[in-house]
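**Q** A single structure is presented below for examination.
The values are calculated or read from the model by the stated rules, or taken from the named source; none is laboratory data. What you are looking at is a predicted structure, and each value in this text was computed from that prediction instead of being measured. Neighbour counts are summed over all protein chains in view; Cβ atoms, including those assigned to glycine, are modelled from backbone coordinates with ideal geometry. Note: accessible area is taken over every heavy atom of the protein model, side chains too, but ligands, DNA and RNA are not part of it. Shrake-Rupley method; radii C 1.70, N 1.55, O 1.52, S 1.80 Å.
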Amino acid sequence: MSMNNLTPQDAVDLDKEAGAGSRPLSGIYLQLATVLAIAISLYAIYANALSNTQEFYRNTTFLSGILILGFILFPVSRRYATSKFNRWDYLFIILTLVSYGYFYASYLDLHVVRKSIPNTTDYVMAVIGIGVLFEAARRTTGYFIPGLATFAIVYALFGQYFMGIFGHGGFSLERLLYRLFMTSEGIFGITLSTASTAIVVFILFGAFLSVSGATALFNDLALAIAGRRRGGPAQVAVISSALTGSLSGSAVANVATTGTFTIPLMKSIGLSARFAGAVEATASTGGMIMPPIMGAAAFIMAGFLGISYTTIVIAAIIPALLYYAALIIAIDLEAKKQGLKGISKENIPKVKAVLKARGLLLLPLIIVIGTLLWGKTPIYAGFLGIISIIVASWITPDTSVRMTPKKIAAALNEAARGSIQVTVACAAIGVIICVVTMTGIGSTLAFNIVAMTNNTLWMILLVVMLVCIVLSMGLPSTALYIVVAVTVSPILIKAGVMPLAAHFFVFWFGALSNITPPVALASYTAASIARADPMQTSWDAVRLALPGFIIPFILVYNPMLLMQGDDLNTLSVIHMVISALVGIYALSIASANFWMMKTHWLERVLFTLAAILLIKPGLLTDLGGAALIVTAASAHLLRFRRSNAQGALNG
């Protein structure tokens, strides 16, 4: 498939972020998939809210259901992407039932009766279970994750043959299989546990909110708030994508959801197709770092760092707002450069009318955020949100949003389908986490990279940035965070970066891989909808998001923006936010090559240097950055006035 000839269906396939895409089911198979999906969602509700199911049994049951649903919905290859099943589909479904069913039934016997001493059957079933998982990962997420996990297994088994710092004593196959499949250190570890609890609950919450019609509410609100501004539809895309993306957590899904509305709207006021696509892709990518869900990474991050989910959400607020502020500034400058205007008043809905008709659908969001800030668990907050959606839908004046039994079933179906990639990825990456822990390679790499750069932080940050973008290309949102968190964040922590800032840094650049060529899935999906060149759209998206590329660096040097630090105080936070905004604005001008008029090359250089100086806190750097901005702004305004005076004279 050529990236220059993407069709809307290709965009849907890209949304699956998989090698095979989704199978067009019909008849008995569609009914089977629907019933199984609803059953999985109902089990997730039962296991997390109505029972005290032991972790291993919950994880095994949930993963087994997801694997079978994955084999039903995702064919073995594009060649077999039809409604018909083949022998491979049946084989893997049977192997899933046999291997995972065996461990479900023999768990107590293995760990209590036999005192964690496996037998030959255990090892055989573990091999089958891992193989089944890797095939599901290949179908649903592509080749990278199962390929990386396979390499991790080879590395664990044959470490003695690796050279230099990568070498280790190696592990026996039996020991590795035991750790990977029969303990909570590998496949059934923290990542799968998070997927089967908090993540699936919030996917359910998002599905209920989506089915209730909240996405249309977000679009209407965004249009009412920003539609009349300069380049209004582009600002609408930013607001709508921020609201929708904060729930979906997937940049590509966000583009597919909101882009069909915002991209034609942007093109209608004169924005080029490629720029319209770039705006949507960049705005949708920001949804991955927007609280409360953050592409489900917030839940995994909380587990990795051993801190509360609420702490992660609070820490993400300022960085996410800075990202969207940077995007709004960049769009405003572009609209100003092109002389664009907003949408006419008669074509914009009234805020009051929108809120009166469906405004109550915002209550579940408020309730969820309030519950989290109150200190309750994400699971509690998620279920309370689901209940509040159902209640709000029935007391909303607009009767079309009411959650009928049919809509509830649709939400349950959608939630299970939406859980496939994240659950399979979380389980497969458990292999990588286990191997990294067993071999100690993460600590070894961190030590050596820090030593090679002479512990020079800015050099380490640049290296880590590039590694994160490369490692994350083409991965689903949760998977990309886990990969970079396990492999790269130890480098930053070893260099002295605060752990929370380190994890935000690697996740941020992992998220930005969605718009960074050559594998920019969000950009390609947006380009397909806009009917624009995908690569040009990607580069426009990078240019738009360029100010957002400096925010992670600011967070490392200014952890107060994450609401962290012993000397945290309101004045310091306000000072750093203002400093960051000024730096972002300066870099936006340099990136757009426009302010009041086209900038001179020297002005661009000065604005860029000012933004770099404002990354690091300190009196000298702040004064230096301010001086450069004043110099560049004065020179630009002087040229602008002279140009106007000359124009008036010639006129």
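**Q** How many of the residues in segment 343-370 are β-branched (V, I, T) and either touching a Phe, Trp or Tyr at 6+ places or on another chain (Cβ under 8 Å) or open to solvent by 40 Å² or more (accessible area, probe 1.4 Å) (or both)?
**A** So the answer is 5.
**Q** What single numbered condition from (1) open to solvent by 10 Å² or more (accessible area, probe 1.4 Å); (2) assigned to a helix (DSSP H, G or I); (3) farther than 19 Å from M563 by Cβ fails to hold for L340?
**A** (2)
**Q** Search segment 567-592 for residues that are under 21 Å from V605 (Cβ atoms) and part of a helix (DSSP H, G or I) and pair each with any residue that is open to solvent by 40 Å² or more (accessible area, probe 1.4 Å) and at pLDDT below 85 when their beta-carbon atoms are under 8 Å apart and the residues are at least 6 apart or on different chains.
**A** Between residues of segment 567-592 that are under 21 Å from V605 (Cβ atoms) and part of a helix (DSSP H, G or I) and residues that are open to solvent by 40 Å² or more (accessible area, probe 1.4 Å) and at pLDDT below 85, the close pairs are S579/P617; A592/K337.
**Q** Looking only at segment 448-486, filter to residues that are closer than 24 Å to T285 by Cβ and among the small types (G, A, S); which one of those is farthest from the chain's Cα centre (by Cα)?
**A** Top of the filtered list is A485.
**Q** Oh, and also: So, restricting to helices (runs of 4 or more DSSP H) that lie completely within segment 438-551, which ones have at least 2 residues that are in contact with a Pro (Cβ under 9 Å, 6 or more places away or on another chain)?
**A** Of the helices (runs of 4 or more DSSP H) lying wholly inside segment 438-551, those with at least 2 residues that are in contact with a Pro (Cβ under 9 Å, 6 or more places away or on another chain) span 441-452, 457-472, 489-494, 499-512, 521-530, 534-549.
**Q** Looking only at segment 628-651, count how many residues are open to solvent by 50 Å² or more (accessible area, probe 1.4 Å) and touching a residue at least 12 places away in the same chain (Cβ under 8 Å).
**A** First pass over segment 628-651, keeping only residues open to solvent by 50 Å² or more (accessible area, probe 1.4 Å): 630-631, 634, 637-646, 648-651.
If we keep only those that are touching a residue at least 12 places away in the same chain (Cβ under 8 Å) too, we end up with 631, 637, 639-640, 643.
Result for segment 628-651: 5.
**Q** Further question on the same structure: Just to be sure before I move on: is K406 out of contact with any Cys (no Cβ under 8 Å at 6 or more places or on another chain), of a type in the set (D, E, K, R) and outside any helix (DSSP H, G or I) in the structure I sent? If you could, list the steps in order and put the result at the bottom.
**A** Values: out of contact with any Cys (no Cβ under 8 Å at 6 or more places or on another chain): yes; of a type in the set (D, E, K, R): yes; outside any helix (DSSP H, G or I): no.
In short, no.
**Q** Another one. Counting only residues that are polar (S, T, N, Q) and surrounded by fewer than 24 Cβ atoms within 10 Å (Cβ to Cβ), which one in segment 417-443 is modelled with the lowest pLDDT?
**A** Of segment 417-443, the ones polar (S, T, N, Q) are 419, 421, 423, 437, 439, 443.
This time we only want the ones that are surrounded by fewer than 24 Cβ atoms within 10 Å (Cβ to Cβ), so: 437, 439, 443.
Values: T437: 87, T439: 89, S443: 78.
Out of the qualifying residues, it is S443.
**Q** Determine which member of the set A479, A451, A446 is surrounded by fewer than 19 Cβ atoms within 10 Å (Cβ to Cβ) and at pLDDT below 85.
**A** On the way: A479 fails: surrounded by fewer than 19 Cβ atoms within 10 Å (Cβ to Cβ); A446 fails: surrounded by fewer than 19 Cβ atoms within 10 Å (Cβ to Cβ).
Only one candidate qualifies: A451.
**Q** Look through L204, L209, L265, L223 and report the one residue that is more than 30 Å from S489 (Cβ to Cβ), open to solvent by less than 10 Å² (accessible area, probe 1.4 Å) and not basic (K, R).
**A** Working: L204 fails: more than 30 Å from S489 (Cβ to Cβ); L265 fails: open to solvent by less than 10 Å² (accessible area, probe 1.4 Å); L223 fails: open to solvent by less than 10 Å² (accessible area, probe 1.4 Å).
Answer to the check: L209.
**Q** From the list Q9, Q31, which one is surrounded by fewer than 14 Cβ atoms within 10 Å (Cβ to Cβ) and at pLDDT 80 or above?
**A** Q31
**Q** Is it the case that some residue within segment 599-607 is touching a residue at least 12 places away in the same chain (Cβ under 8 Å), more than 36 Å from the chain's Cα centre (by Cα) and either surrounded by 14 or more Cβ atoms within 10 Å (Cβ to Cβ) or closer than 21 Å to D332 by Cα (or both)?
**A** Yes, there is a match, as at least one residue in segment 599-607 is touching a residue at least 12 places away in the same chain (Cβ under 8 Å), more than 36 Å from the chain's Cα centre (by Cα) and either surrounded by 14 or more Cβ atoms within 10 Å (Cβ to Cβ) or closer than 21 Å to D332 by Cα (or both).
**Q** Now for a different question. Can you tell me which residues in segment 598-651 are touching an Asp or Glu at 6+ places or on another chain (Cβ under 7 Å), assigned to a helix (DSSP H, G or I) and of a type in the set (A, V, I, L, M)? Before you say what the answer is, go through the steps one by one.
**A** Step one: filter segment 598-651 for residues touching an Asp or Glu at 6+ places or on another chain (Cβ under 7 Å), giving 614, 632, 635-636.
Right, trim to assigned to a helix (DSSP H, G or I) and you get 632, 635-636.
Answer for segment 598-651, where residues must be touching an Asp or Glu at 6+ places or on another chain (Cβ under 7 Å), assigned to a helix (DSSP H, G or I) and of a type in the set (A, V, I, L, M): A632, A635.
**Q** Between residues in segment 375-386 that are over 16 Å from A302 (Cα atoms) and residues that are open to solvent by 10 Å² or more (accessible area, probe 1.4 Å) and at pLDDT 90 or above, which pairs lie under 8 Å by C-beta distance while being six or more apart or on different chains?
**A** Short answer, once both residue conditions are applied: F383/I45; F383/N48.
**Q** For F92, are the conditions met, namely being of a type in the set (F, W, Y), under 23 Å from V486 (Cβ atoms) and open to solvent by 30 Å² or more (accessible area, probe 1.4 Å)?
**A** Details: of a type in the set (F, W, Y): yes; under 23 Å from V486 (Cβ atoms): no; open to solvent by 30 Å² or more (accessible area, probe 1.4 Å): yes.
So F92 fails the test.
**Q** Between a residue in segment 141-162 that is of a type in the set (A, V, I, L, M) and any residue that is buried (at least 19 other Cβ atoms within 10 Å of the Cβ) and outside any helix (DSSP H, G or I), which pairs come within a Cβ distance under 9 Å, given they are 6 or more apart or on different chains?
**A** Filtered contacts from segment 141-162: I145/L475; I145/P476; A156/F171; L157/F171.
**Q** Consider L176 against the criteria (1) under 22 Å from the mean Cα position of the chain (by Cα); (2) more than 28 Å from I379 (Cβ to Cβ); (3) of a type in the set (A, V, I, L, M): it satisfies all of them except one. Which criterion is unmet?
**A** If we test L176 against (1) under 22 Å from the mean Cα position of the chain (by Cα); (2) more than 28 Å from I379 (Cβ to Cβ); (3) of a type in the set (A, V, I, L, M), just (1) comes out false.
**Q** Output the number of residues of segment 454-472 satisfying the condition of being within 28 Å of E185 (Cβ to Cβ) and open to solvent by 30 Å² or more (accessible area, probe 1.4 Å).
**A** If we filter segment 454-472 for residues that are within 28 Å of E185 (Cβ to Cβ), which is where we start, we get 464, 467-468, 470-472.
Restricting the remaining residues to those that are open to solvent by 30 Å² or more (accessible area, probe 1.4 Å) gives 467, 470-471.
Within segment 454-472, residues that are within 28 Å of E185 (Cβ to Cβ) and open to solvent by 30 Å² or more (accessible area, probe 1.4 Å) number 3.
Okay, residues lined up against (1) modelled with pLDDT under 90; (2) of a type in the set (A, V, I, L, M):
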site: A149; (1), (2): no, yes
site: G167; (1), (2): yes, no
site: F171; (1), (2): no, no
site: S196; (1), (2): no, no
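**Q** To continue, here is another question. Might you let me know whether segment 616-623 holds any residue that is under 26 Å from the mean Cα position of the chain (by Cα), modelled with pLDDT under 90 and open to solvent by less than 40 Å² (accessible area, probe 1.4 Å)?
**A** no
**Q** Here's another thing I want to ask about it. Quick check on T310: is it in contact with an Asp or Glu (Cβ under 9 Å, 6 or more places away or on another chain), crowded, with 16+ Cβ neighbours inside 10 Å, β-branched (V, I, T) and assigned to a helix (DSSP H, G or I)?
**A** Working: in contact with an Asp or Glu (Cβ under 9 Å, 6 or more places away or on another chain): no; crowded, with 16+ Cβ neighbours inside 10 Å: yes; β-branched (V, I, T): yes; assigned to a helix (DSSP H, G or I): yes.
Taking the combined requirement at face value, the residue does not satisfy it.
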